[in-house]
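Novice: Got a structure for you, written out below as structure tokens; questions coming shortly.
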Amino acid sequence: MCAVAEGALGRRRIAIIGAGWSGLAAAVHATAAGADVTVYEAGRQPGGRAASTTGPDGTERDTGQHILIGAYRATLGLMSQVGVDPAQVLRRLPMALVDPAGRGLTLHLGGGLLHHAASLLGWSTLPWRARLGGLLWLGRWQAARFQCPPGWTVARLVQGCPQAVVEQLIEPLCVAALNTPMAEADAQILLNVFRSALAGPRGSADLLLPAAALSDLLPRPACAWLSLHGAQLRMGTPVRHLAPITDGRDGWIVETETFDQVILATPARVAARLTADCAPQWAALAHRLPQQAIATAWLRVPTTAAEPDLPAMSCLKGALGEPAQFAFSLAKLHGHGQQGVHTLVASGVAHWATQPREALAGALQAQFRRMLGAVNPTTPPPSAGSVATQLLHLHLDRQATFACLPGLDRPPARIRPGLWAAGDYIAGPYPATLEGAVLSGQQAVEAANAATSRS
């Protein structure tokens, strides 16, 4: 976690616009440093795109299926700071890139780079030549300090790597981390992920899958912590007016209140709209970020049928045109009350986002049925009209993240003196992740503190 000395910000007034993970990270960090913090959030609940909502039927569901890993040290530290025990709300599992039948690569739980190399050599479903080729490929990039020429795509990066390793290891990691197809994805960003996860301290590559509602991982506990420590939370309060003070004093006006510093922790296009007048060049950069859609479907198998023994997370290498890349067994993750419930996650579904919602729902249901049939070929896959393929919920976020393209010009954290941006889209070495969001919020407070110290 970034460190700001307690009391470093005095009682300076800081407004944080947005109570997603980056905004909450900034708010906790600034409050701990002694600032007088006010958080504005347009929604009624905190968490942004990684939260839990209650549907018309009274069921609470997450806004998507998020994956954390052991390398997310800033996120885990923040959770602990606000009173959450990560071990109680996250299920730590070995990184397993396996199909629904459990076949594939499983890394050593709590392991380091040498353990991962041994796991790769022990990948029994691959020929020895492919295993050795994959290990040599990874070793080559480790020797290069995980640095590649600018402008490379992941498709260019994997040239010379055995095709089986590409399909069963590199491609799933690329989609999971960058939410962008290999042919378009930034190779350097993926290498940065490899360096942090595979070559980081032991346990960095471990999967940390939510075993509780997303809102209980950080948003609700962070808000409780902020309230206890004197921060003001203004939920259901959208900000429409943001402007610098013009009477010769330093500071900013948010709605009708004045602040010494403002951290804009909203989605990129909301930030672009709010800064269109006061920082048009920055706003144009934020607005131009290419967007990627992500869909998550909650499906249920029949209560009368035997529960399929699927992995907690499985990679889907489906037929051409099938939308989802990952499946999750909520019974394995959440236990009681989630028997028979699974989620399918489809990243980069721009094509499907333009189609009628029913088309995406039908494609995901068909993929789910085919997946179940492949796992247990002796049992006919459930029919389209059976309760087995009941679609409990479909969440489609058309602007879930940005396309992680080579040379992408991401907006900087500094917008203008006293005005900062925080979010996983801000310029940095990593893709759009919860860790990136948390780090950007903390780093915005660091920058505000440094600016305050110089003034």
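The values are calculated or read from the model by the stated rules, or taken from the named source; none is laboratory data. Here the structure is a predicted model, which is why all the values come from computation and not from measurement. Positions of Cβ are backbone-derived with ideal geometry, glycine not excepted, and every protein chain shown enters the neighbour counts.
Novice: Scan region 55-67 and tell me whether some residue there is farther than 24 Å from S196 by Cα and β-branched (V, I, T).
Specialist: yes
Novice: A283: among the aliphatic types (A, V, I, L, M), buried (at least 16 other Cβ atoms within 10 Å of the Cβ) and out of contact with any Leu (no Cβ under 6 Å at 6 or more places or on another chain), yes or no?
Specialist: Here the answer is yes, as A283 does meet what is asked.
Novice: Go through (1) assigned to a loop (DSSP other than H, G, I, E, B); (2) among the charged types (D, E, K, R); (3) buried (at least 17 other Cβ atoms within 10 Å of the Cβ) for D397 and report which single condition fails.
Specialist: (1)
Novice: Continuing with this model, one more query. What tally of residues in region 154-184 results from selecting those that are crowded, with 21+ Cβ neighbours inside 10 Å, under 24 Å from S119 (Cβ atoms) and of a type in the set (S, T, N, Q)?
Specialist: So the answer is 1.
Novice: Continuing with the same structure: For residues that are closer than 21 Å to H229 by Cα and modelled with pLDDT under 95, tally how many sit in region 36-65.
Specialist: 2
Novice: Consider P417 carefully, then state whether it is closer than 17 Å to I263 by Cβ, of a type outside the set (K, R), under 19 Å from the mean Cα position of the chain (by Cα) and modelled with pLDDT of 90 or more. Working first, answer last.
Specialist: On the way: closer than 17 Å to I263 by Cβ: yes; of a type outside the set (K, R): yes; under 19 Å from the mean Cα position of the chain (by Cα): no; modelled with pLDDT of 90 or more: yes.
When the stated conditions are applied, P417 does not pass them.
Novice: When region 72-124 is examined, which residues are found to be β-branched (V, I, T) and touching a strand residue (DSSP E or B) at 6+ places or on another chain (Cβ under 8 Å)?
Specialist: T75, V89, V98, T106
Novice: Need the failing condition index for A187 against (1) surrounded by fewer than 22 Cβ atoms within 10 Å (Cβ to Cβ); (2) closer than 22 Å to A346 by Cα; (3) aliphatic (A, V, I, L, M), just the number.
Specialist: Condition not satisfied by A187: (1).
Novice: While we're here: Mind listing just one residue for me: the one in region 76-85 that is in a loop (DSSP other than H, G, I, E, B) and in contact with a helix residue (DSSP H, G or I) (Cβ under 6 Å, 6 or more places away or on another chain) and, of those, surrounded by the fewest Cβ atoms within 10 Å (Cβ to Cβ)?
Specialist: Keep residues of region 76-85 that are in a loop (DSSP other than H, G, I, E, B), which gives 82-85.
Pick out the ones that are also in contact with a helix residue (DSSP H, G or I) (Cβ under 6 Å, 6 or more places away or on another chain) and you get 82-84.
On the way: V82: 20, G83: 11, V84: 21.
Result: G83.
Per-residue answers, yes or no, for (1) of a type in the set (G, A, S); (2) closer than 30 Å to M313 by Cβ; (3) in a loop (DSSP other than H, G, I, E, B):
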residue: S22; (1), (2), (3): yes, yes, no
residue: V28; (1), (2), (3): no, yes, no
residue: G43; (1), (2), (3): yes, yes, yes
residue: D57; (1), (2), (3): no, yes, yes
residue: G64; (1), (2), (3): yes, yes, yes
residue: A71; (1), (2), (3): yes, yes, yes
residue: A74; (1), (2), (3): yes, yes, no
residue: A87; (1), (2), (3): yes, yes, no
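Novice: Next up: In region 342-359, how many residues are at pLDDT 90 or above, of a type in the set (A, V, I, L, M, F, W, C) and either surrounded by 22 or more Cβ atoms within 10 Å (Cβ to Cβ) or not in a helix (DSSP H, G or I) (or both)?
Specialist: The total comes to 3.
One line per residue, one yes/no per condition, for (1) touching a Pro at 6+ places or on another chain (Cβ under 9 Å); (2) of a type in the set (A, V, I, L, M):
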position	(1), (2)
V166	no, yes
C174	yes, no
L198	no, yes
G203	no, no
W225	no, no
P244	yes, no
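Novice: Determine, yes or no, whether A432 is closer than 24 Å to V345 by Cβ, of a type in the set (A, V, I, L, M) and either touching a residue at least 12 places away in the same chain (Cβ under 8 Å) or not assigned by TED's automatic domain parsing to the domain that holds P280 (or both).
Specialist: When the stated conditions are applied, A432 passes them.
Novice: I'm checking my understanding of the structure. Among residues of region 267-287 that are outside any helix (DSSP H, G or I) and in contact (Cβ under 8 Å) with a residue 12 or more places away in the chain, which one is nearest to the chain's Cα centre (by Cα)?
Specialist: P267
Novice: Restricted to region 229-266, and to residues that are of a type in the set (G, A, S) and assigned to a loop (DSSP other than H, G, I, E, B), which residue is surrounded by the fewest Cβ atoms within 10 Å (Cβ to Cβ)?
Specialist: Within region 229-266, the first condition is being of a type in the set (G, A, S), and the residues that meet it are 230-231, 236, 243, 248, 251, 265.
Applying the additional criterion that residues be assigned to a loop (DSSP other than H, G, I, E, B) yields 230-231, 236, 248, 251, 265.
Values: G230: 10, A231: 21, G236: 10, G248: 5, G251: 19, A265: 32.
Looking at the filtered set, the residue picked out is G248.
Novice: Within the bounds of region 103-126, is there any residue that is crowded, with 17+ Cβ neighbours inside 10 Å, in contact (Cβ under 8 Å) with a residue 12 or more places away in the chain and of a type in the set (K, R)?
Specialist: Scanning region 103-126, I find no residue that is crowded, with 17+ Cβ neighbours inside 10 Å, in contact (Cβ under 8 Å) with a residue 12 or more places away in the chain and of a type in the set (K, R), so the answer is no.
Novice: Another question, if that's okay. Before we move on, is R240 in contact with a Leu (Cβ under 9 Å, 6 or more places away or on another chain) and of a type in the set (K, R)? Working first, answer last.
Specialist: Numbers: in contact with a Leu (Cβ under 9 Å, 6 or more places away or on another chain): yes; of a type in the set (K, R): yes.
So R240 passes the test.
Novice: Taking the conditions exactly as written (in a helix (DSSP H, G or I) and out of contact with any Leu (no Cβ under 6 Å at 6 or more places or on another chain)), does Q147 satisfy them or not?
Specialist: no
Novice: Does at least one position in region 10-24 carry a residue that is more than 25 Å from V270 (Cβ to Cβ), touching a residue at least 40 places away in the same chain (Cβ under 8 Å) and polar (S, T, N, Q)?
Specialist: No; the residues of region 10-24 include none that is more than 25 Å from V270 (Cβ to Cβ), touching a residue at least 40 places away in the same chain (Cβ under 8 Å) and polar (S, T, N, Q).
Novice: I'd like to verify a number: residues in region 395-429 that are under 24 Å from C278 (Cα atoms), in contact with a Ser or Thr (Cβ under 8 Å, 6 or more places away or on another chain) and acidic (D, E), how many?
Specialist: 1
Novice: Still on this structure, I have one more. Just to verify a result, which residue in region 29-75, among those that are within 24 Å of G203 (Cβ to Cβ) and aliphatic (A, V, I, L, M), is surrounded by the fewest Cβ atoms within 10 Å (Cβ to Cβ)?
Specialist: Selected residue: I67.
Novice: Here is a follow-up. Of everything in region 418-429, what is in contact with a helix residue (DSSP H, G or I) (Cβ under 7 Å, 6 or more places away or on another chain) and surrounded by fewer than 20 Cβ atoms within 10 Å (Cβ to Cβ)? Give them in sequence order.
Specialist: G428, P429
Novice: Among G248, G236, which is the only one that is at positive phi and modelled with pLDDT of 95 or more?
Specialist: After applying the criteria, what remains is G236.
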